[in-house]
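First up is the structure itself, then whatever we jot down about it.
Just so you know, all these numbers are worked out from the coordinates, no wet-lab data involved. Owing to the predicted nature of the structure, the values given are computational and were not obtained by experimental measurement. Neighbour counts are summed over all protein chains in view; Cβ atoms, including those assigned to glycine, are modelled from backbone coordinates with ideal geometry.
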Amino acid sequence: MVEPGTLDVRAKQATRRWNLQGLMVVLFLALFPFLASLVTGEPPDAGRPKFWQGLLIQAYIFAVYALSYDILMGYTGILSFGHAMFFGTGVYATAMLLKHAEWGLGQIFLAVLLITFVQGVLFGLVSLRVKGVYFAMVTLAFAEAFYILSEATDFRRWTGAEDGLHGIPVPDFINPTDQRLRFYYLALGFALIVYLIARRVVNSPTGRVIVAIRENETRAATLGYNTFAYKLIAFVFSGVLAGLAGMVHALWNLNASPAVLSVNTTINALLMTIIGGAGTLVGPMLGAGVLQLLGYVLSRTFGPRWPLVFGVVFILIVLFLPYGIVGTWNRWRAHSSTKDKPSLSSK
Amino acid sequence: MRRYRAVLIALAIAVVGIGLVGRSMKPGTLVATLLSGLTLGALYFLIAAGLSLIFGLMDVLNFAHGTLFMLGAYVAWTWVQNPHGLLLWAGLVLAVAGGSATAAWWLNWSPDRRPGRWTRRWLVAVGVALIGVTAWQWLRWPQALTLLLAAGGGLAVGLGAFRPPVVRPPHRRLVWRGVAVVGLLLVTVLLDAQGPTLASAVAGWGSNAKFVSAIVVGTLAGAVAGALMEWSLIRPLYERPIYQVLLTLGIVFAGNEVARAIWGVGAKRMEKPGWFGQPCRSESLAAWVYEQCASVTVLGRSFPTYRLFVIVLGVLLFVALIVLLRRSRLGMIIRAGVQDREMVEALGINVRQVFTLVFALGAGLAALGGVAAAPFVGVYPEMGLEYMLQAFIVVVIGGMGSVPGAALGALLVGLARAFGDYIVLSGVSLPWMEKAVRMSPSIARASTVLIMAIVLMVRPAGLFGEEE
Amino acid sequence: MTQEIILETRDLAKHFGGLKAVGGVNLRVRAGSLHAIIGPNGAGKTTLFNLISGHLKPTRGQVFLRGQDVTGLPPHRLAHMGLGRSFQITNIFPNLTVLENVRLAVQARGPDNFKLWHDYRRFSRYISRAREVIEYVSLKGKEHLLASALSHGDKRKLELAILLASDPDILLLDEPTAGMASEDVPELMRIVEHIRQTTGKTILLVEHNMDVVMRVSERITVMHRGRVLAEGTPQEIAANEAVQEAYLGSWGTRTG
Amino acid sequence: MSALLDVQDVHTFIGQFHILEGVSLRVEEGQITALLGRNGAGKTTTLRTIMGMTPPARGAIFFDGRPIHGLPTYEVAQLGIGYVPDYRAIFRHLTVEENLHLAERRKGDLKRKADFIYHLFPDLARLRHLKGGQLSGGQQQMLAIARVLVPDNRLLLIDEPTEGLAPVLVEQLVEAIRQLREQTTVLLVEQNFAVARHLADTFVIVDDGRTVCQGTMEELANDPATVHRYLGVAVGGEA
């Protein structure tokens, strides 16, 4: 795997190339509403451009969510099946605080940060005691417990039970319907900032240790790294990011339903990561975009049965494209570059 | 000894727990709650035993195990309600299976024909597309043509998924495989021709006959689905365990959607067999034998007789499994294989075949659980996930790979659920509270996770698990 | 020569079920010495290493590091106390570059492991130290190869480099030449000797290759069936009859 | 006369490690052949390659004139090859008798061979109902060998049978293997050179994953330079 994080000179050039390409993509996305308006002849804040922005906003939110998942799966190498817990907590915390407590956005942001942090530490401490598929099982069980509680009639007053919360009052200046363009830039900025933060973290000394744990946990421990602590850091960090994605999700959809805590939400994260390519930051974000568009196209062609097609696509990807789009691309590139320089490969 | 210590700890917890809660209960209520717990425990055990066995032997955590449970329930329900439709679908599945079997057999027979890598992928794509179209058009096209198409799709998938061996297996074995393939295709044709007759015959049966045959059909369907799943999807991924887990999760997703597509979203209830169905109340079990009432009096309270049947079923299967593991050659192979697969193979035993068999066995057990559950918890798309989660908790508590562990875990979780339900429904009153707080059963359902967390803190490998 | 005892085991034992892999070993390693443990296959050498490095918990007995009881501490704690080990089966980070493999080992002993907000490339002292170590084990020029792409001999060197980079006081080397082509063995042993001479570190070595052991070590402990059979200088060991029997087979010397 | 087992220039990879880089050897029917070489030379991998546990990437293996490379392990075993791995691989949770039963290839194998096996290893008869995990190292080794005697194997691959055993047990085991020779052919990996010299008729030395020499045991015993060079038995020599 050629990562943009290695010290290789060629990799450094590649990083620069990535940065340039990335910049162009961001620029394109930033100009997208106006480009769309140019193409369709409709104003950027109405009609088709507005609708397309909506699709992209959802994609940005899921991009952050998928990225957070990949920090666990792709970088730390631990398979969690309970990621929806963090996302859903973010959604519900935001929805409940807006609807019942009428907090400001800044306070809510801090609250979500704090809640998911505590959640990450608590559940990480318990579930990281086991490894591999046990971890997957245990996290799934914890997440399902949250799902069940979100549907419990006992808390209907706060959570709306199986109906969820609807009509969440958001401040007018970022109302996703009236201020679509503004919300578009908010979501884009959010995804961009989270990406930059995540990139810094995975390239920090701690981030490198996390990758080392993925590669060979015993060896990392023998070097003197307390692997449990690092795994916990990764778990909490990933959880907090997922929670923030949930917060924006609530602001965008103006509702909170138990579905955000269900297994399907976790499977979505998995799907985006697998499609895009685990172990890279760009991959899952790309995967989120692909999935969002694919979902849109599939739901138009297949109607209500599109999740079924989706499941089949997922199975096929697991069987035949295990490294995802970015991973396969990287491998293919690394392969073609070693062809010119046979010294790189072992005898 | 260690093992018994685990059992003692678990029993002690159960006894103390029941004692604490039971103090405030009338004896009739206590027994009824205990029996409810046992009923749930029996269901959990049926799922957890297979899950645990499969994991122990082949290191596969089958997330789709709950889907097989659901499949059993749906198939049984359909068998009782609409045998005709079920036989139609069975024909389709058999056609696909027959096609893939033919392909695999043919590849074994002629080692020179090796489709290239890309050819294989294209074949898979074509095959899947064919099956998809067939399924799509299923009810519109003439049946024989559809079956033919499905078999062709299966053939393509088989060609794509199986790598021909470098050295041909012995002649004798190939002949046997050929016989099996032809047999499979024959059954398909037979089903195609005689399906409607059989279906109308089944529709005319009484409720007891329907129920017994539903148990057989549901279990078989689960076992066949499990074997097919292992053979086609999981087997290529034994080298990549993480992807195996991802794949089974994908099957959960797809399975739920398939169930919704075929059977719709609503809950269905399977009719109880006549033996447990008369709208009356027997005074004792002996009286029930004559009256066949739906409920029986236990210490002054009525308890559904069907649930007693589920408990008996669970206990019987536990005993049968233990006997199978301890006494039979298959059991010996499983016990040895859990420790060292490679060495079992070096003794000349085809472990892959045993894997498929055990997968089918586990899947069959889960499906049987589904059939048993259908008349009293209903049939709905989410049931697979719901029961599988409890089964996960059961195996985490009991320890992966141990059937007695699964039984003990199932017992604990079942009892916890039953008493939890009782507590939350009757209300919790602590000394400083003015009135008891009542809660919904969801709370009890979610709180079994707590038991798992506690066990994990104390014994990460579970009560019966071996520490590494 | 009265050097302090840096590592000591007292009656250290490990039983696996019925099998006594290590059955009461007393070992005293002097600071700054090169101490070899030899013995036929299955004598319990690797198990002894695993007990000392904390990868296994002993059935009974204790391990002392500089006089301090460290029995049962986890490997990462022992690493911080200056105990580093290599593995018989190459144990590296396969999908990271050679430099990154070594750099991670250097970083492990530094104070910056929990800095989440700085680019790791800015901590240039780790990188330059890593480059030093890589040069030391003569892997220079291969810094940017993925570890998995190295030849077996180079992997053994990388293993040594990782160990060295974490700057331990005691190096436990578990068959550093295992599986190496015989022409590469002398070079690796030269590196090992060089380490001891220039850094004064204590080296505890498990090795099969008797030639190597006889040449480089100061003291040798011979293990046989989980117990210490003999201990002494190479000369003493070479002259010891019990040792000869253990290697050639006690049974063989009588009949053959 | 064609050899019972003929391994021709076999190359084996484990993951990306090229472990065997050209191993060739012949085992004649009715003889004991010793496979020698230092630690990590590829002896165990050679046996595992023959068994199909780590299939060869290149080269050919013939058993009784029939190609067996690429066959799954169980089919190799069914042709009549028994494998005793160096870690013995006794099934801990099965009793001694169950361990033996499991090795049956046809019903009644054990009944037929029980007398012979229990005569060879009287200890096992006594421990028949004990779990495999409760046996001592030496007893486990005996069970591991007894296990491949249950079916009618034509070739036994035995990996380091005397490893870590007490001298008395070594003696007992060597005696047992000598008796086997009258019944079947053995390919033996042995570190204890004295044992190998005593038991084997012919030898093969592998080093760095290649066959370096092959011949009769007599020749090897008279060639201390080769022994020294490839087996590293230098005790007693100059330091």
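Taking amide H atoms as placed 1.01 Å from N in the peptide plane, the amide H of D:Ser24 lies under 5 Å from those of D:Asp9, D:Val10, D:Thr211, each 5 or more residues away in sequence or on another chain. Classify the range D:89-153 from the C-alpha gyration tensor, please: rounded if a/c falls under 1.5, else prolate or oblate depending on whether a/b exceeds b/c. Prolate, since a/c reaches 1.5 and a/b exceeds b/c. Applying a 4.7 Å cutoff between beta carbons, the unpaired cysteines of the protein assembly as shown are D:Cys213.
Using only atoms on other chains, find how many Cβ atoms lie within 10 Å of each Cβ of peptide B:334-341 and report the average.
Details: counts 0, 6, 10, 2, 2, 8, 6, 1.
Across the residues of B:334-341, the mean count of other-chain Cβ atoms within 10 Å is 4.
Take the Cα of B:Asn82, step 7 Å along the line toward its Cβ, and report every residue of the range B:357-386 whose backbone nitrogen sits under 17 Å from that point. Residues passing the 17 Å test: B:379-381. Averaged over the residues of C:219-228, the number of partner chain Cβ atoms lying within 10 Å of the residue Cβ comes to 1. For the protein assembly as shown, the residue among D:Leu100, A:Ala278, A:Gly224 whose Cα projects farthest onto the positive side of the dipole built from Cβ charges is A:Ala278. Counting Cβ atoms of other protein chains within 10 Å of each residue's Cβ and taking the mean over peptide A:131-143 gives 6. Classified by the C-alpha gyration tensor, the range A:139-208 has an oblate form. Its axis ratio a/c, with a ≥ b ≥ c, is 1.5 or above, and a/b does not exceed b/c. Taking amide H positions as modeled 1.01 Å from N, with prolines and chain starts lacking one, the residues under 5 Å from C:Arg85 and 5 or more places away or on another chain are C:Leu172.
When A:His249, C:His118 are arranged by Cβ crowding within 10 Å, least crowded first, meaning fewest neighbours, the order is C:His118, A:His249. Computed from phi, the 3J(HN,Hα) profile of the range D:4-14 under the Karplus parametrisation 6.51, -1.76, 1.60 (θ = phi - 60°) reads 5, 10, 10, 9, 10, 6, 8, 10, 10, 10, 10 Hz, with x in place of Gly and Pro.
Estimated from helical segments only, the mean residue ellipticity of chain B at 222 nm is -25500 deg cm²/dmol, where each DSSP H run of four or more residues counts as -39500 (n - 2.57). Rounded to the nearest Hz, the phi-derived 3J(HN,Hα) couplings of the range D:147-154 under the Karplus curve 6.51 cos²θ - 1.76 cosθ + 1.60 (θ = phi - 60°) are 4, 7, 8, 4, x, 7, 7, 9, where x marks glycine and proline. In the frame of its principal axes, the protein assembly as shown has Cα extents of 90, 75, 71 Å, reported largest first. Counted by neighbouring Cβ atoms within 10 Å, the residues B:Val202, B:Val31 run from fewest to most as B:Val31, B:Val202.
What dipole magnitude, in Debye to the nearest 20, does the protein assembly as shown give about its Cα centre under +1 on Lys/Arg Cβ and -1 on Asp/Glu Cβ? If you can, show how the numbers build up before the last one.
On the way: 119 positive and 91 negative charges, 436 e Å.
Using only the charged Cβ atoms, the result is roughly 2100 debye.
For the range D:89-153, the Cβ-based charge dipole about the Cα centre amounts to some 120 debye (Lys, Arg positive; Asp, Glu negative; other atoms uncharged). Taking 30 Å as the straight-line reach from the Cα of B:Lys268, the lysines in range (excluding those fewer than 8 positions away in the same chain) are B:Lys210.
What list do you get for A:Phe314, B:Phe45, D:Phe193 if you sort them by fewest beta carbons within 10 Å? Display every interim value, and only then the final one.
On the way: A:Phe314 23, B:Phe45 32, D:Phe193 20.
Listing A:Phe314, B:Phe45, D:Phe193 from fewest to most nearby Cβ atoms yields D:Phe193, A:Phe314, B:Phe45.
Highest mean packing comes first when the peptides B:215-228, A:87-100, B:302-315, B:185-198 are listed by Cβ atoms within 10 Å, giving A:87-100, B:215-228, B:302-315, B:185-198. Sparsely packed loop sites in the range B:1-105 (the trypsin sites (Lys or Arg not before Pro) outside DSSP H, G, I, E and B with at most 11 other Cβ atoms within 10 Å) comprise B:Arg23. Which of D:Pro72, D:Thr202, D:Leu25 sits closest to the plus end of the dipole of chain D, meaning its Cα is farthest towards the positive end, when Lys and Arg get +1 and Asp and Glu get -1 on the C-beta? Of the options given, the answer is D:Pro72.
May I ask what percent, to the nearest 5, of DSSP beta bridges between residues of the protein assembly as shown are antiparallel? Don't skip to the answer; put the middle values down first.
Numbers: 51 of 87 bridges.
The antiparallel proportion sits near 60 percent.
Only Cα pairs under 8 Å and 6+ residues apart enter the sum, and on that basis the relative contact order of the range C:1-120 stands at 22 percent. With each label modelled as a point 7 angstrom along the Cα→C-beta vector, the D:Tyr118-C:His15 pair spans 2.9 nm.
Give me the percent relative contact order of chain D, please, defined on Cα pairs under 8 angstrom at least 6 residues apart.
Working: 439 pairs, mean separation 65.3, N = 239.
The value is 27 percent.
Here's the picture: charge each Lys and Arg Cβ at +1 and each Asp and Glu Cβ at -1 in the range D:89-153, and of D:Asn153, D:Gln141, D:Leu120 the one pushed furthest to the positive end of that dipole is D:Asn153.
Cross-link check: pairs A:Lys131/D:Lys43; A:Lys131/C:Lys155; C:Lys20/D:Lys43 evaluated at a Cα-Cα cut-off of 32 Å; pairs beyond the cut-off: A:Lys131/D:Lys43. Placing pseudo-labels 7 Å out from each Cα toward the beta carbon at C:Ser148 and C:Met81 gives an inter-label distance of 3.6 nm. Here chain D is treated with +1 on each Lys and Arg Cβ and -1 on each Asp and Glu Cβ, and its dipole about the Cα centre works out to around 860 debye.
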